[in-house]
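Input: a single structure, listed below in structure tokens.
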């Protein structure tokens, strides 16, 4: 097919082939060389976990389907590219082989691979590979369809249901076409698969072009010329393939798919009426196709679309660390304390920066950005990439003893205000379709600002001082830590360590009046269920979450090691806590210091008690609650950090006998309360996050806002008061709801509420 007798053409093709491949390999090598000048990563996850991450997130596009329609359109393009893999490779190999053969005066037909008979079909070896490739694509698309349907149910509010089902119908039609080709005409199977996917790719390109240049989705910046270049290159690949295949079909006198027939009619209409015309079109489109491929190879590593190369690696290079845990720091032996320069970040952060597609999904989910603050998680990644490439000489000449000269914090890259605006809510990480961890980079910069430069908001100095002196950020005397439990018959571990589980109370429930009532309610639940438990009392210290997220790793480790020593001295095996921040720290971060415990959040624990009938609801009490309308606010550290979404909702349903009205942002897309990342102790400028979130919850028409976090309790209560709704809306922890509704409980909760029928939807 690709015989080229002209010496100039042959030499030209071989030259461009070599230049493109050398340019591609060098660009990728150069970037990895820069990345690996940064800090090494501790322990990698198991090969099984890394392989699973790669397959599910790269081959099956799992994260992309959290936005179903966009995920489906991207899948069209992605699977189309997979279908092109063998096709384009064969064109390059054929072009080079024929060029070399022609230049050497060898007849290539003497070395053709013979036909094989397979399943009763006459197939060449290449066509057998085509059938296998088609089957693999079919399996992948089946799984993609499943993910789309699953995601569509959970996130259907984000997209038009009609549009989803329309495109799903197209996908199902493609399934039928691919399946029919594989079963019915194996000799042209691969060509047919490629042509069908060409149409899907063009549909996907049209969709994304519409979003970027017509609709102009808010998460996208000013339309980038780079996006136009990539869409044009991909479109050219598809159109050249379709035209060349149609010309080939005319020369051979038969079509391999319906697409061939349609394109051939278009070309006939445009003047391709003879075999000579078809031969010219075939040869011309081959050159267009192969030159576009080489252009693509040179352009991609040097553009924002480098995610095509680096994102698959990003999904594979995952650490053996719970997603809710920060990287541990060896304070005694380390020479790097956090990051202010490119070389001081973990090298995987630089890999993430190269993987960033600049889609803006992280930005639109960021609570700081949504309330007018300067933080933009996408910009963090882009600035890190630009800093690495623009200061490449400094990056390559890094000397650990002198520190990194490629400084990222400060003009023109990342400002300190951006770094301190973060609530550590994990929304950016959850939203990122290429597996980036923007939060880790931000927290590494905080560590450097605190530990190296002593440069942090003045309000944090008070919180840090309180934790140092009184083991709690409130600054209340540590000797009063157990006062909330007076009269409840609760024993400390010092009094009786023969318990089934330790109740970790936390600072908020020990010192904040609103949360002391939650602790009392939870104790009554434990007692009603005959759970043998104890508390540490004055031996309990702050877990250090705010210190660590606030950048003060030294203070955090001091608190953590003290707590671990205390817990281990009592032989504690199981812990339950009502604070998601304590829960995450105890469960995911204390193992770094030898604190290995089975840790439960009280939402999980109460849900289990109800399911096991260790506590039962009083029908009369539940009946009195039915006139209330409840909504639930997802805690970031319970939900996105630890994947606990359904249990607290089940508890609310059991206690109130009614369903939960969902806010506009819920589950993994829930808006943060604004207190995480040590923001609880800092002054908030611009619009307050808790006000925005309270507005969303009130808009559900609920008179009861259920929470499962003491920080959320404080922030939502303040939000309700600020809006003057305290007479109509109550903020209650799920433990308070259960304690009010269970047999032997506290009885009905006082407070006004709206009747269901008055609620507007």
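What residue, of 102, 94, 23, is modelled with pLDDT of 90 or more, surrounded by 15 or more Cβ atoms within 10 Å (Cβ to Cβ) and not assigned by TED's automatic domain parsing to the domain that holds residue 347?
Only one candidate passes the filter, namely 23.
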Cβ pairs under 6 Å, 6+ apart or interchain, first in the stretch 591-611 and more than 16 Å from residue 577 (Cβ to Cβ), second crowded, with 22+ Cβ neighbours inside 10 Å, ordered by first then second residue, are 593/560
Taking the stretch 531-559 and keeping residues touching a strand residue (DSSP E or B) at 6+ places or on another chain (Cβ under 9 Å) and not in a helix (DSSP H, G or I) leaves 531, 532, 533, 534, 535, 536, 540, 543
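Within the stretch 520-530, count every residue that is under 22 Å from residue 483 (Cβ atoms) and assigned to a loop (DSSP other than H, G, I, E, B). First the steps, then the outcome.
Applying the first criterion (under 22 Å from residue 483 (Cβ atoms)) to the stretch 520-530 yields 520-527.
Those left that are additionally assigned to a loop (DSSP other than H, G, I, E, B): none.
Within the stretch 520-530, residues that are under 22 Å from residue 483 (Cβ atoms) and assigned to a loop (DSSP other than H, G, I, E, B) number 0.
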Residue set 466, 472, 455; condition crowded, with 18+ Cβ neighbours inside 10 Å, farther than 22 Å from residue 350 by Cβ and without any contact (Cβ under 8 Å) to a residue 40 or more places away in the chain; output residue 466
Flagged in the stretch 605-647 as more than 19 Å from residue 729 (Cα to Cα), in contact with a helix residue (DSSP H, G or I) (Cβ under 9 Å, 6 or more places away or on another chain) and outside any loop (DSSP other than H, G, I, E, B), in numbering order, are 605, 606, 607, 608, 609, 610, 611, 617, 621, 646, 647
Could you say whether any residue in the stretch 670-689 is farther than 19 Å from residue 642 by Cβ, in a strand (DSSP E or B) and modelled with pLDDT of 95 or more?
no
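Given the structure, is residue 654 assigned to a helix (DSSP H, G or I), touching a strand residue (DSSP E or B) at 6+ places or on another chain (Cβ under 7 Å) and surrounded by 18 or more Cβ atoms within 10 Å (Cβ to Cβ)?
Yes.
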Per the filter on the stretch 502-537, residues under 16 Å from residue 474 (Cβ atoms), surrounded by fewer than 21 Cβ atoms within 10 Å (Cβ to Cβ) and either over 36 Å from the mean Cα position of the chain (by Cα) or free of Cβ contacts under 8 Å to residues at least 40 places away in the same chain (or both) are 513, 516
* Can residue 476 be described as in contact with a helix residue (DSSP H, G or I) (Cβ under 6 Å, 6 or more places away or on another chain), part of a loop (DSSP other than H, G, I, E, B), within 24 Å of residue 537 (Cβ to Cβ) and not assigned by TED's automatic domain parsing to the domain that holds residue 707? -> yes
Of the conditions (1) in contact with a helix residue (DSSP H, G or I) (Cβ under 6 Å, 6 or more places away or on another chain); (2) touching a residue at least 40 places away in the same chain (Cβ under 8 Å); (3) under 30 Å from residue 42 (Cα atoms), the single one that residue 308 does not satisfy is (2)
Practice prompt. Scan the stretch 37-51 and give yes if some residue there is over 24 Å from the mean Cα position of the chain (by Cα), surrounded by fewer than 21 Cβ atoms within 10 Å (Cβ to Cβ) and not assigned by TED's automatic domain parsing to the domain that holds residue 408, otherwise no.
Written response: yes
Residue hits (the stretch 376-428; in contact (Cβ under 8 Å) with a residue 60 or more places away in the chain, part of a loop (DSSP other than H, G, I, E, B) and under 19 Å from residue 447 (Cα atoms)) are 400, 401, 404, 405, 406, 408, 422, 423, 424, 425, 426
In the set 490, 499, the lone residue that is assigned to a loop (DSSP other than H, G, I, E, B), closer than 21 Å to residue 733 by Cα and in contact with a strand residue (DSSP E or B) (Cβ under 7 Å, 6 or more places away or on another chain) is 490
**Request:** Inspect the stretch 340-363 for any residue being buried (at least 20 other Cβ atoms within 10 Å of the Cβ), closer than 26 Å to residue 688 by Cβ and modelled with pLDDT of 95 or more and give the result as yes or no.
**Result:** yes
Counting only residues in the stretch 246-263 that are surrounded by 21 or more Cβ atoms within 10 Å (Cβ to Cβ) and at pLDDT 85 or above, the one nearest to the chain's Cα centre (by Cα) is identified as 263
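The values are calculated or read from the model by the stated rules, or taken from the named source; none is laboratory data. From a predicted model like this one, the values you see are computed outputs, not experimental measurements. Methodologically, a virtual Cβ is constructed for each residue, glycine included, from the backbone with ideal geometry; neighbour enumeration extends over all protein chains shown.
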